[in-house]
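The values are calculated or read from the model by the stated rules, or taken from the named source; none is laboratory data. What you see is a predicted model; the values in this text were computed from it and never measured. Cβ coordinates were reconstructed from backbone atoms using ideal geometry, including for glycine residues, and neighbour counts include every protein chain displayed.
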Amino acid sequence: MLERLTAFFGNPAGYHTPLPEADAQHAMGALLVRAAKADDAYLFEEIALIDRIMAQRHDLNPVEAAKMRAECELLEKEIPRTKEIATILSYAISTEEKEATLIALWQVVFADGIRREQEDKLLHRIEDLLGITPERAKELQAQAEG
């Protein structure tokens with residue numbers, strides 16, 4: 001019986017969920033998830049905000065947005081380097097979209113009401129990877145806070 005319980009709660013028969021396509025939409029979602037997890041806490045407020053951002057940006061209903069977030073969580077887990085995720089975006093979206101993504105990232109970081117150094121470091125790294133100047137990044141951060 002213990003073996004059956006272990007099989008039930010483990011990964012029965014080596015089942016694996018396929019990864020979503022590493023397109024710009026999923027890369028953006030993966031960065032949102034990574035930003036939310038940067039402080040080692042993945043809170044309801046952050047998850048709900050990610051779902052709202054995904055719904056608004058990609059014209060999805062709440063169920064579709066939650067499904068896409070779940071796919072982005074898988075992608076975030078499987079791509080360990082932030083640089084690889086950001087590179088997908090840097091080649092696939094316009095400067096305007098990069099800035100909108102950065103605002104969304106800061107909003108997710110601010111969602112729990114607590115700022116931590118590791119979140120700031122991650123977002124400043126993403127700003128650099130997306131080619132956003134420090135001056136412009138400060139302006140976008142202020143927009144996200146307001």
Notebook entry, point to check: Do you know which of the residues in region 108-146 that are more than 24 Å from Tyr91 (Cβ to Cβ) and among the polar types (S, T, N, Q) is surrounded by the fewest Cβ atoms within 10 Å (Cβ to Cβ)?
Noted result: Gln118
Next item on the list: Report, ordered by the first and then the second residue, all pairs with beta carbons closer than 6 Å, sequence separation of six or more or different chains, a first member in region 128-146 that is on the phi < 0 side of the Ramachandran plot, and a second member that is of a type in the set (Asp, Glu) and modelled with pLDDT of 95 or more.
Entry: Ala137/Glu127; Leu140/Glu99
Notebook entry, point to check: Looking at (1) under 12 Å from Ala35 (Cα atoms); (2) modelled with pLDDT of 95 or more; (3) assigned to a loop (DSSP other than H, G, I, E, B); (4) not polar (S, T, N, Q), which is the only condition Ile132 fails?
Noted result: (1)
Notebook entry, point to check: Are there any pairs with C-beta distances below 8 angstrom linking a residue in region 49-63 that is over 15 Å from Ala24 (Cβ atoms) and without any contact (Cβ under 8 Å) to a residue 12 or more places away in the chain to a residue that is surrounded by 13 or more Cβ atoms within 10 Å (Cβ to Cβ) and of a type outside the set (A, V, I, L, M, F, W, C), with the two at least 6 apart or on different chains, and if so which?
Noted result: Ala55/Glu64; Pro62/Asp51
Next item on the list: Evaluate the following for Glu64: is it modelled with pLDDT of 95 or more and under 23 Å from Arg115 (Cβ atoms)?
Entry: no
Next item on the list: Scan region 105-120 for residues that are over 12 Å from Ala137 (Cα atoms), part of a helix (DSSP H, G or I) and touching a residue at least 40 places away in the same chain (Cβ under 8 Å) and report the count.
Entry: 5
Next item on the list: Please find, among Glu139, Glu145, Glu119, the residue that is at pLDDT 95 or above and among the acidic types (Asp, Glu).
Entry: Glu139
Check: Does any residue of region 34-49 turn out to be modelled with pLDDT of 95 or more, within 30 Å of Pro134 (Cβ to Cβ), part of a helix (DSSP H, G or I) and touching a Lys or Arg at 6+ places or on another chain (Cβ under 8 Å)?
Finding: yes
